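Accompanying notes for the structure given below.
The values are calculated or read from the model by the stated rules, or taken from the named source; none is laboratory data. Owing to the predicted nature of the structure, the values given are computational and were not obtained by experimental measurement. Positions of Cβ are generated from backbone atoms using ideal geometry, with glycine treated the same way; all protein chains shown enter the neighbour counts. Accessible surface is based on the protein model in full, side chains and every heavy atom, while ligands, DNA and RNA are left aside. Shrake-Rupley method; radii C 1.70, N 1.55, O 1.52, S 1.80 Å.
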Amino acid sequence: MEKSQFEELKNGVQEIIDLIAAKDHKSANNKLTDISEKLDDFLDHTDEDEDLIEISKYQVLLNQLFQKINPEDE
């Protein structure tokens, strides 16, 4: 997988964190959905172990951010 794709994920996650900090949970949730879809797409198109490890890290992080945005869903 290209470094630019991981950079895109990283930037998207940072944007989610910034939106949470600004208490804009609706926009944060929308961005989280977009990034999750991209992550799923990346997962579907890779078979490199290093990429799979990196993707799994993002999956865990996105799950934690989801719980932060939607605490009632825990």
Residues of segment 1-20 that turn out to be more than 15 Å from the chain's Cα centre (by Cα) and surrounded by 15 or more Cβ atoms within 10 Å (Cβ to Cβ), as a count: 1
Residue that is least open to solvent (accessible area, probe 1.4 Å), among those in segment 21-74 that are at pLDDT 95 or above and in a loop (DSSP other than H, G, I, E, B): D24
Long-range neighbours under 6 Å by Cβ, at least six apart or interchain, first residue in contact (Cβ under 8 Å) with a residue 12 or more places away in the chain within segment 13-28, second small (G, A, S) and in a helix (DSSP H, G or I): I16/A28; L19/S27; L19/A28; I20/A28
